[in-house]
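For reference, the structure discussed in these notes is given below.
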Amino acid sequence: METEPLLSGSTDESSIDYGSQQKNGHNQETSPATRRLSYSVTENACSIEGEDEGLYIQQAVVFIEDAIKYRSINHRVDAKSLHLYRWYYSNICQWGLGITIAVILALAFMERPSSLSRTSDLRVRIDRWEPPCGLTEAIEMVCLCIFTLDITVKGYLIGWEEFRRNKWLIGYILVIAASVIDWTLSISMLCNERFRVRRLIRPFFLLQNSSLMKKTLKCIKRTLPEIASVILLLALHLCLFTMFGMLIFAKSEDPKRNGEWEAYFRDLPRSLTSLLVLLTTANNPDVMIPAYSLNRGYSIFFILFSVFGTYFLMNLLTAIIYNQFRGYLLMSVQTSILRRRLGIRAAFEVLCCQGRGHNKSHAEEHVERVVVDKVLQVMKGVHLKSYYKDAIIKAAQQCTDGSINGATFQRLFDELDKDYIKEHPPKPEYNSAFLQKLQTVCSHYYFTVVGNVVALTNVMCICTILVLNSDKFVSQRDDYYMEIINCVFIVYYLMEMSLKIFAFGWKGYISYRNNIFDGLLTVLLLVLQLAIVGTYRIPYHTWKPEQQGLMSLWEMVRLVNMLIVFRFLRIIPDIKLMALVASTLVDLVKNLRAFAGILVVIYYVYAVLGIWLFEGAITAPANMSLENSTGKFTMECGSYEQLDYWPNNFDDFASSLILLYNVMVVNNWQVFLDVFTRFTNEWSKVYFVCWWLTSSVMWVNLFVALILENFTYKWDRSNTFTVSDVERTGYQTTVQLMFREHVQEPTEEELLTRLQQHPHLHLSL
């Protein structure tokens, strides 16, 4: 059982929520010693010295906001610190910090070598625009000053004791210091240095700004030993078959039987590379054709290698990565749940102390309860989505005895984990029997189905005309029939939208997301069609007007057709499985950004390393251009030169990202292994193999597994839903909720122990 807490607040640091406003308008003009809160608790009383009750409300508001955002409550709790804390976590500050991080990362596109050119093709010899010395450096220094201010505010809010124990904040200072030193060297060298070390460490700013990214990175770090064991087994499999391959396909006295040896097994590095690429199926069946053409039996070697390597070990690696990572992610989610429960409990204890200080009867009874009116006062100050706030307030008002105990206070915030069910406004009422019947027809589900069939017919008509005109030049096409068909369908779309507005009312119409999508595109199609008629007049047979204005007739008709095809996506909400898939994709964008953020960091680091290692390594022959792509030299079939892969290089940051993406997809990635080996040395393969393991093997497989987890989570929750229920449900699909059923709730003793350890809010039990 818990005993009454001893609360001792001090002007200490905190990390809390957004938008701060002073409660009850009290300004603190006393000395810091007087402003310091002092809560002393005896056996049956809680006395308060130095502060008014408005501070308790503000503390409770901040603790609840911390709980909602899964933030730590170990921060200062005096009035001024809370005000600064809420301002720091306000939307404008966090958006400003996010924009600053985006700007400093985007500088890589402008810095030398600049990516600001029309193409990265090595055959096009153009002068890149290079920023003058000092331009990007000035922008970077502004960003570094903002980061310095950020770390200063964070350090003040959490206090020195917490600050020196936080490795991420210590690393934050070191990265800023290293960046400033490297920036100074750049200025002193007039921006002519080859290596900018600070470019390599810039992604740290993105990592440290996201708690979920840091947890994800920690989980990956803990998963590495298990991954290494499977990779070792994979390497053993690769080496074993490499030895077998070199023995089977050794050089023969008969030159006609040396095709496999010549192309793929000439030496150890080439043999390893050939089988490594085969592991990704990128060179299958090319790698076995020379041997297979001599004897069918040689195919057994390659089939066995692929079956054990590609279909067994690689998939086993994916399973282990996901399983181990999922286990460590559960540990991180457990911490997040603890933070939420701890924040709510801290708010309850603060309000309890206020009640004990002014209500002797409760203190004497040794009962921990909070007055409902205080809970409502706190909730009004909390920054939270309106429907969740209303649900919590409604649940609090249902407490008939006028007070709430600790367990009930925790349960109030279970509303945060529930799916939001949107209630559509009531339909308008009409007196006319005809209008009532028309409203019933137009609001029926089958009216939408008819609209979907009409949209499908429109798309099929466009497809038919495109097929018939596929071999014609634009000047030879007759746009008359296409324009007439579009006019007819657009009139129907406009009529359908008007009838739905009539049936549901304006507010009811826009309460459906698919109606908003459909309506916007219908209005845009109508505007474009009116523009076509206004510019090129009403269509008639053999209608071929000359171009007028910015766009030709064909361009305008093509734009209309593209919008009509895009509008056909309106069918998604009407098919349950498609609606769930689309909802899953939206949730991935909103809630799994941390995982994509790690991938961005990996791309950034590897792109910078690629520029350092391979910038200018590949050069196009002097007599080659876009018009003369062959030149006067011999090209091997399937090579970098023969495939015209010239835009893929490490000569600037943007082209480096594209090349890394092409390698991650692993289609024809052996071409890049070959060309950089020829233009540099064999050790260049280490870079590409490391990138393949990091991106394609580990991260992409992990991301796919999380997509499956997300979809399975939503599918299990929607089994009993109808199509309309899926449309009305706003799923709460966060990483914490996805794994909630596997997470153990913290005990009462654990919460109280953590509260006693708070550096600025001391509890004595």
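Taking the mean number of other Cβ atoms within 10 Å as a proxy for protection, how do you rank 652-659, 106-113 from highest to lowest?
Going from most to least packed, we get 652-659, 106-113.
Classify the range 91-209 as rounded, prolate or oblate, taking a ≥ b ≥ c as the square roots of the eigenvalues of its Cα gyration tensor: rounded when a/c is under 1.5, otherwise prolate if a/b is larger than b/c and oblate if not.
prolate
Using square roots of five times the C-alpha gyration tensor eigenvalues, list the equivalent-ellipsoid semi-axes of the range 589-710 in whole Å, biggest first.
Taking √(5λ) for each Cα gyration eigenvalue gives 31, 14, 14 Å.
Could you check the spin-label model distance between LEU233 and GLU749? Points 7 Å from the Cα along Cα→Cβ, value in nm.
Taking the two extended label points, one gets 4.1 nm.
Using a Förster distance of 22 Å, how high is the FRET efficiency between LYS218 and LEU693, based on the Cβ-Cβ distance and rounded to 0.05?
The pair LYS218/LEU693 has a calculated efficiency of 0.65.
Whose amide H sits under 5 Å from the amide H of SER403, counting only residues 5 or more places off or on another chain, with H placed in the peptide plane?
Close amide H contacts, sequence-distant or interchain: VAL372.
Under 5 Å between amide hydrogens, which residues at least 5 positions from SER90 or on another chain qualify, with H placed 1.01 Å from N in the peptide plane?
The answer is GLY19.
Tell me, in nm to one decimal, what length is gained between LEU708 and PHE312 on full extension, where the rule is 0.36 nm per residue of separation less the Cα-Cα distance?
Extending this stretch completely gives an extra 140.6 nm.
Taking 0.36 nm per intervening residue step and subtracting the Cα-Cα distance, what contour gain separates LEU116 from LEU585 on full extension?
Roughly 165.7 nm would be gained on extension.
For VAL488 and LYS256, calculate 0.36 nm times their separation in residues minus their Cα-Cα distance, and state this gained length in nm to one decimal.
76.8 nm
For the pair ASN323/SER639, report the inter-label distance in nm, with labels modelled 7 Å from Cα in the Cβ direction.
Each label point is offset 7 Å from its Cα along the Cβ direction, giving 4.6 nm.
Of the chymotrypsin sites (Phe, Trp or Tyr not before Pro) in the range 110-212, which ones lie in a loop per DSSP and count no more than 14 other C-beta atoms within 10 Å?
Details: sites: TRP129, PHE147, TYR156, TRP160, PHE163, TRP168, TYR172, TRP183, PHE195, PHE204, PHE205; in loops: TRP129, PHE195.
Here the chymotrypsin sites (Phe, Trp or Tyr not before Pro) that fit, given the DSSP loop and packing criteria, are TRP129, PHE195.
What spacing in nm lies between the two simple spin-label points modelled at ASP267 and ILE126, each 7 Å away from Cα in the Cβ direction?
Result for the modelled spin labels: 3.9 nm.
Going by average Cβ density within 10 Å per residue, which order do the peptides 187-194, 679-686 take, highest to lowest?
Working: 187-194: 11.2, 679-686: 13.8.
Answer by packing, highest mean first, reads 679-686, 187-194.
No value in this document is a laboratory result; all are computed from the given coordinates. All figures in this text were calculated on a predicted structure; none of them were measured in a lab. In this analysis, Cβ positions are derived from the backbone assuming ideal geometry, glycine residues included, and neighbour counts consider all displayed protein chains.
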